[in-house]
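Data first, discussion second: the structure below is written as structure tokens.
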Amino acid sequence: MDELAEQFTNHPEAVTSDMQYFNQQLSAVFGLQGQLEIDIADFGDIPPDQLDPTEHAVLWVALAELRVCGDIPTKVIINEAIELAKEFGAEGGYRYINGLLDKASAELR
């Protein structure tokens, strides 16, 4: 966790980021990691250890937001996750993320 925080903080674009939100989400992902793995297994049909690493990370962030950020609308969380997956993930991976988060949001929200 400390290494990720340091890498992000040292990135040139970090100055335009909400560091308080970043640190909150980083802590949430690491603090909820076990539950997030259960969520991925329960709401998806691919075992977490078989997911593309990018899609796996996007799901961690989005599921943590669904669990701890009640002030962020569900549609915003899902849309941002889809956009991240389109930009950085495997081709078509965003479809899986969309389906999993749609199922998860129905139960978690």
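The values are calculated or read from the model by the stated rules, or taken from the named source; none is laboratory data. None of these values were measured; they are calculated from a predicted model. Counting neighbours? That spans all protein chains shown, and the Cβs are built from the backbone with ideal geometry, glycine included.
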(message) Please go through the stretch 6-23 and give me each residue that is in a helix (DSSP H, G or I) and small (Gly, Ala, Ser), ordered by number.
(response) Ala14
(request) Considering only the stretch 83-109, state which residues are assigned to a helix (DSSP H, G or I) and touching a Leu at 6+ places or on another chain (Cβ under 8 Å). (result) Ile97, Leu100, Leu101, Ala104, Ser105, Leu108
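The rows are residues; the columns are (1) exposed (fewer than 14 other Cβ atoms within 10 Å of the Cβ); (2) part of a loop (DSSP other than H, G, I, E, B); (3) among the aromatic types (Phe, Trp, Tyr); (4) over 12 Å from the mean Cα position of the chain (by Cα).
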position: Gln25; (1), (2), (3), (4): no, no, no, no
position: Gln35; (1), (2), (3), (4): yes, no, no, yes
position: Asp39; (1), (2), (3), (4): no, no, no, no
position: Ile46; (1), (2), (3), (4): no, yes, no, yes
(request) Determine whether the stretch 2-12 contains at least one residue that is surrounded by 14 or more Cβ atoms within 10 Å (Cβ to Cβ) and either closer than 22 Å to Glu107 by Cα or within 11 Å of the chain's Cα centre (by Cα) (or both). (result) no
(message) So, Leu59, is that one part of a helix (DSSP H, G or I), farther than 15 Å from Ile82 by Cα and at pLDDT 95 or above or not?
(response) no
